[in-house]
Amino acid sequence: MIHFVLLVSRQGKVRLTKWYSPYAQKERSKVIRELSGVILNRGPKLCNFVEWRGYKVVYKRYASLYFCMCIDQEDNELEVLEIIHHYVEILDRYFGSVCELDLIFNFHKAYYILDELLIAGELQESSKKTVARIISAQDQLVEAAKEEASSISNIIAQATK
Amino acid sequence: MTGMRGLSVFISDIRNCQNKEAERLRVDKELGNIRTCFKNEKVLTPYKKKKYVWKMLYIHMLGYDVDFGHMEAVSLISAPKYPEKQVGYIVTSCLLNENHDFLRLAINTVRNDIIGRNETFQCLALTLVGNIGGRDFAESLAPDVQKLLISSSCRPLVRKKAALCLLRLFRKNPDAINADGWADRMAQLLDERDLGVLTSSTSLLVSLVSNNHEAYSSCLPKCVKILERLARNQDVPQEYTYYGIPSPWLQVKAMRALQYFPTIEDPSTRKSLFEVLQRILMGTDVVKNVNKNNASHAVLFEALSLVMHLDAEKEMMSQCVALLGKFISVREPNIRYLGLENMTRMLMVTDVQDIIKKHQSQIITSLKDPDISIRRRALDLLYGMCDVSNAKDIVEELLQYLSTAEFSMREELSLKAAILAEKFAPDLSWYVDVILQLIDKAGDFVSDDIWFRVVQFVTNNEDLQPYAASKAREYLDKTAIHETMVKVSAYILGEYGHLLARQPGCSASELFNILHEKLPRVSTPTIPILLSTYAKLLMHAQPPDPELEKKIWAVFKKYESCIDVEIQQRAVEYFELSKKGAAFMDVLAEMPKFPERQSSLIKKAEEVEDTADQSAIKLRAQQQPSNALVLADPQPVSGAPPPLKVPSVSGSTQNPESVARSLPQPNGTPSPDLLSDLLGPLAIEASPGDVSTEQHGPIGAEGVPEEVGGSAIVPVEEQTNTVEVIGNIAERFHALCLKDSGVLYEDPYIQIGIKAEWRGHQGRLVLFLGNKNTSPLTSVQTLILPPAHLRLELSPVPDTIPPRAQVQSPLEVMNIRPSRDVAVLDFSYMFGTKLVSAKLRIPATLNKFLQPIQLTSEEFFPQWRSLSGPPLKLQEVVRGVRPLALPEMATLFNSFRVTICPGLDPNPNNLVASSTFYSESTGAMICLARIETDPADRTQLRLTVGSGDPTLTFELKEFIKEQLITIPMGSRALVPAPTPAPPVAQPLSPAALADDPGALLAGLL
């Protein structure tokens, strides 16, 4: 299973973390520090796997961003590497050629999308189309609620005029 | 979520922060703001609450501790409207983990959402439980989640989430699913047409069968059917193909599930499966598209595992081995890594060892790969495939690699080499050679077990004794030998040195002299061994040598009052005994043979192998313990260098206490690891006694800078003895500490130049590696060993530097906190067949993070007075200063960017100076210093340093001191070599003494 997902920039800034195994706050920071040290220092033509504390970390760099997933030793590394790419493709489709800034200012979106992709550290959906459909349905729900709220507040505003 | 302006503004603010300090201020402000708003419930609209909760998550992500507001996040879960509820669920599942108390408060709301009719709410609730649900959730929610999963009225959207949610609940509490009732349902689920639900359900199945395969045997043919459906690409919707491959993930999962069934009995199922597997094995080609390639190979490697597990017929097995043989020789690193990994697993299958051996040279090449992940796999595979036939080759490769291997791998390497040497030694003298070489090359990583074992072998094999003694004598001629080498050679020469008596340089008195030279540098536990050796030498001296007797008696006399009881007792007893003639001979007679016993190392290795089982999955699981044996505490390959003290491999390895004990004890000062970081990489050549006794933090650190200056040069010269270094490395380093460009290293083949730019706490260095020759330099490797306070990122250097070419490699430096430790560049290359390596200190020293600043007296004195005393302001009288006239001294200070502020101090013999220091933890911080000189005695002065940070003050003071004392004048040690700490400082490890053969001997007395 995937124990955690970590998005970290080349400068070591964390852009997303998701923990499927229980880590206390302190351990989380330690893991992030340790792993970014290992991964950011790796050269470009090396393999995408790092052995770390009895686990394996599968990572891939996209522009300035490293996507990392920590898995068990006996898990299938390439499968997870392609889950990363699958996630990136979905982000790309959603934002329209995604860049780091999109993920900084819309980090909540990145979380929503990840939740449609993984649950319990396992792949939930392998169709990009399906994920996109669900996310856009969610967006619509939120928009609808907002319109409703604003129309109510309009009514109140007018009533109290 | 458009229109959440406050959140975007906050994120922009954070991004605009110039440094960590500003960021912290902004975050603190925001947290204060949020806290106030949360207190005032009345004005807290759901929108605001939502916004604040997102901000909290963002702050949490930045790494700050958010210790409030969890309740608010959890309370949003029960909001009636979707937007708030969604935020509540997502933020809660990010901020909290399953052990958090608040989570229990939410169970009821979550359950209501799960059993309610609102599909979107069901999804949110299932996702939360699937991601952070704990045991409590498992107990109360499992039946509801099961219902959703099998419900015909639920859409796939909900059911796939229910499947994974149930998987989590099952992991948390296996009783959550009753196999009897569930097995049939599970089998039905595998008939699912929707591939999203099917993928999730197959994950659930993998977990269930790994726990109890018998109950789920009806699922086995279904898995094979799924594979057939996918592999033949029958009615798989377009959106479920990934780069043209029908859901590779589902294929992998189905094959994984099959590996938990011990065997496949039904012949037709077996036949269908083998057809599919055959198709995968034969039909996977390397294509250009990376993702397609990865996906198809993910499937292929899973198929390989399944084939191994099923113990297929020989033909298919040899197909697999052939494939793996191809993989380990490709360039693509992922495939090579996986090839090596799977070949190691393949070793468990009988009959293929001989085929694997054919690839030995290829595997050895991978041992030298630039990628540590690949090197580790190669090492494991070599270790696994070693037997009597190839032990000599493999162990010699490992030994050769040991000299260039990075520190994080040396422990594992030396242990593996030692085990293989013992297990498969073709003859014992070879074994002795290997172990002595190991101690010589990586003494720090050779546990006591290993040298005790050599002593045992030598004692029990008479033929071996003269050989071992002469070998031990040879190593003593080396200038710097590891303390373990002192121990083992002292012991062997004490017992068998007399066998060499006729050889030149081997008389008792000569042996004594050369051993006694080593005594001042060894730690306390080694001294008793040396004393025993002296006693034995004295006894063996033929004819009796009164001169030697006098010398040895003097040593015994000296240690008679030693505070260490063991040493004292031996000294007293040997002294008395040595006057007793015959009795002396009796007591010190040759040690009897040891009872034959199994090596503790091998015993452990075998325990792991004995439990071998048929299941490939189990075999896989065993690989972990076998690694664990070797590397008790997998070393963080992170920024931090490997720990200096390596826990012994004996029984205590798995005991975390023993590891903790061997760590330096912080003295409550902010920088307990002053030395370990800097000396870590260099300690190999230095006597560990020196290092360990000086790990006392700042108090014991007085001698540190000199120690560094002196000993850092030694390993460099030692390691590059194949080439003549041009210029003095230490001198070059010191020069570069004060300027930003110049030559760092030069030999006949290569010149390494450096150019640096510094801004605040960041720096950018460029290494220029120039090949001076007309033939290429190959296997160029650079590795940065960073101290804990620097974050370093070195861009990779190409493997080969063409003739007469120069390559540039930028190195980004970020200063996290004040420290004088220095980063080390471990650098090596091949010229022809010649391997050259060097460890070079990188001039990213403390002063590089200083910025000159000129203060007026109005600015200086109020600040000076506000720093009242220790720990913010420290004063010290420095003696042994190189005499300098005041203007010269001012120039020196300015050269490391501590600006002299002229005219501020009324006393003309004094100087005051100021500077700004930059680091991530301190931000920009002003440092002040005052130097009071004595015109009558220029070799001493009083130095006072102050700043707003105690560590900074201490480090800067020490740094200035180093500059005043060791004016960069080259390698000449200006201060006496570090004297061994008084024996009192060395805590004696009683366990070590009990196992030490010398102690056994003492016990006989």
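Quick check for segment B:175-293: number of Lys pairs with alpha-carbon distance under 25 Å, counting only pairs 8 or more apart or on different chains? The number of close lysine pairs in segment B:175-293 is 7.
Averaged over residues, the count of other Cβ atoms within 10 Å places the peptides B:546-554, B:793-801, B:433-441 in the sequence B:433-441, B:793-801, B:546-554, highest first.
Each residue was assigned an accessible area with a 1.4 Å probe, and for B:SER578 the value is about 10 Å². Each residue of segment B:310-320 was assigned a 3J(HN,Hα) from its phi angle through the Karplus curve 6.51 cos²θ - 1.76 cosθ + 1.60 (θ = phi - 60°); the sequence is 6, 6, 5, 5, 3, 4, 5, 4, 5, 4, 4 Hz, with glycine and proline shown as x. Placing pseudo-labels 7 Å out from each Cα toward the beta carbon at B:ASP311 and B:ASP65 gives an inter-label distance of 5.5 nm.
Of all lysines in the structure, the ones whose alpha carbon falls short of 23 Å from that of B:LYS557, not counting any fewer than 8 places away in one chain, are B:LYS487, B:LYS518, B:LYS536, B:LYS579, B:LYS580. How much net charge surrounds A:ARG93 when only other residues with a Cβ under 15 Å from its Cβ are counted (Lys, Arg +1; Asp, Glu -1)? Result for the neighbourhood of A:ARG93: -3. Could you point to the residue in B:PHE424, B:PRO595, B:GLY497 farthest towards the positive end of segment B:405-617's charge dipole, with +1 and -1 charges on the Cβ of Lys/Arg and Asp/Glu respectively? Highest projection toward the positive end goes to B:GLY497.
Mind ordering B:728-737, A:75-84 by average Cβ neighbours within 10 Å, highest first?
On the way: B:728-737: 20.6, A:75-84: 24.1.
Per-residue Cβ counts within 10 Å, averaged per peptide and sorted highest first, yield A:75-84, B:728-737.
What is the dipole size for segment B:847-974, taken about its Cα centre, with +1 at each Lys and Arg Cβ and -1 at each Asp and Glu Cβ, in debye to the nearest 20? Kindly include the intermediate steps, with their values, before the conclusion.
Details: 12 positive and 13 negative charges, 56 e Å.
Approximately 280 debye in magnitude.
Neighbours of A:PHE67 by Cβ distance under 10 Å: Lys/Arg scored +1, Asp/Glu scored -1, total +3. Seen from all directions on average, segment B:405-617 presents a Cα convex hull projection of 14.6 nm².
Rolling a 1.4 Å probe over the heavy atoms of the protein chains gives chain A an accessible area of 37 Å² per residue.
Quick check of the Kirkwood formula: for segment B:304-441, what is the inverse mean of 1/r over all pairs of different Cα atoms, in Å? Present the calculation step by step, with values, prior to reporting the outcome.
Working: mean 1/r = 0.0648 Å⁻¹.
Here the Kirkwood hydrodynamic radius works out to 15.4 Å.
What Kirkwood hydrodynamic radius do you get for the protein assembly as shown when you take the inverse of the mean 1/r over all pairs of distinct Cα atoms, in Å? Provide the component values of the computation, followed by the final result.
Details: mean 1/r = 0.0298 Å⁻¹.
Radius from the Kirkwood sum: 33.6 Å.
When peptides B:856-864, B:176-184 are sorted by average Cβ neighbour count within 10 Å, with the highest value leading, the order is B:176-184, B:856-864. When you restrict to C-alpha pairs under 8 Å that are six or more residues apart and normalise by the size of segment B:707-844, the relative contact order lands at 24 percent. Partners of B:LYS42 within straight-line reach, counting lysines whose Cα lies under 28 Å from its Cα and excluding those fewer than 8 residues away in the same chain: A:LYS146, A:LYS161, B:LYS29, B:LYS50, B:LYS51, B:LYS55, B:LYS81, B:LYS85.
Annotation: amide H of B:GLY742 within the under-5 Å range of B:ILE754, sequence separation 5 or more or interchain, hydrogens built in the peptide plane. Counting Cβ atoms of other protein chains within 10 Å of each residue's Cβ and taking the mean over peptide B:237-244 gives 4.
Averaged across the residues of B:438-450, what count of C-beta atoms belonging to other chains lies within 10 Å of each residue's C-beta? Please report the intermediate quantities before stating the final value.
Working: counts 0, 0, 0, 0, 0, 0, 0, 0, 0, 0, 0, 0, 0.
What the average comes to for B:438-450 is 0.
Which of the residue pairs A:LYS13/A:LYS56; B:LYS20/B:LYS873; A:LYS45/B:LYS416; B:LYS392/B:LYS551 have a Cα-Cα distance greater than 32 Å in the structure shown? Before the final figure, lay out each step's value.
Values: A:LYS13/A:LYS56 21 Å; B:LYS20/B:LYS873 24 Å; A:LYS45/B:LYS416 28 Å; B:LYS392/B:LYS551 44 Å.
Cα-Cα > 32 Å for B:LYS392/B:LYS551; rest within.
Roughly how many debye, to the nearest 20, is the charge dipole of segment B:707-844 about its Cα centre, given +1 on each Lys and Arg Cβ, -1 on each Asp and Glu Cβ, and no other charges?
Working: 13 positive and 14 negative charges, 74 e Å.
It works out to roughly 360 debye.
Other residues lying with their Cβ under 9 Å from the Cβ of B:VAL276 contribute a combined charge of 0, Lys and Arg counting +1, Asp and Glu -1.
When only alpha carbons of segment B:847-974 are considered, Rg and Dmax amount to 13.9, 43 Å. In this simple spin-label model, placing a label point 7 Å from the Cα along the Cα-to-Cβ direction at both B:SER153 and B:GLN808 gives a separation of 7.0 nm. Computed from the alpha carbon atoms alone, the convex hull of segment B:38-120 holds 98 Å³ per residue. Inter-chain Cβ neighbour count for A:49-55, averaged per residue, equals 6 (cutoff 10 Å, partner chain atoms only).
Taking a temperature of 4 °C and a viscosity of 1.567 mPa s, what whole-number D in µm²/s does Stokes-Einstein yield for segment B:707-844 with Rh from Kirkwood over alpha carbon pairs? Present the calculation step by step, with values, prior to reporting the outcome.
Values: Rh = 15.2 Å.
So the translational diffusion coefficient is about 85 µm²/s.
Taking the alpha-carbon distance from B:LYS161 and a cut-off under 15 Å, which aspartates and glutamates remain once sequence neighbours fewer than 8 residues away in the same chain are dropped? Hits, sequence-local ones excluded: A:ASP115, A:GLU116, A:GLU122, A:GLU125, B:ASP113, B:GLU119, B:ASP144, B:GLU192, B:ASP194. Modelled label positions at A:SER64 and B:TRP553, each set 7 Å beyond Cα in the direction of Cβ, lie 7.9 nm from each other. So what is the relative contact order for chain A, in percent, with contacts set as C-alpha pairs under 8 Å and at least six apart? Contact order relative to length: 21 percent.
What's the magnitude of the charge dipole for the protein assembly as shown around its Cα centre, counting Lys and Arg as +1 and Asp and Glu as -1 at the beta-carbon? Answer in Debye, nearest 20. Please report the intermediate quantities before stating the final value.
Values: 127 positive and 139 negative charges, 778 e Å.
The calculated dipole for the protein assembly as shown is roughly 3740 debye.
The values are calculated or read from the model by the stated rules, or taken from the named source; none is laboratory data. The model shown is predicted, which means the values in this text are computed figures rather than measured ones. Positions of Cβ are backbone-derived with ideal geometry, glycine not excepted, and every protein chain shown enters the neighbour counts. Just so you know, the surface numbers come from the protein's heavy atoms only, side chains and all, with ligands and any DNA or RNA stripped out. Shrake-Rupley method; radii C 1.70, N 1.55, O 1.52, S 1.80 Å.
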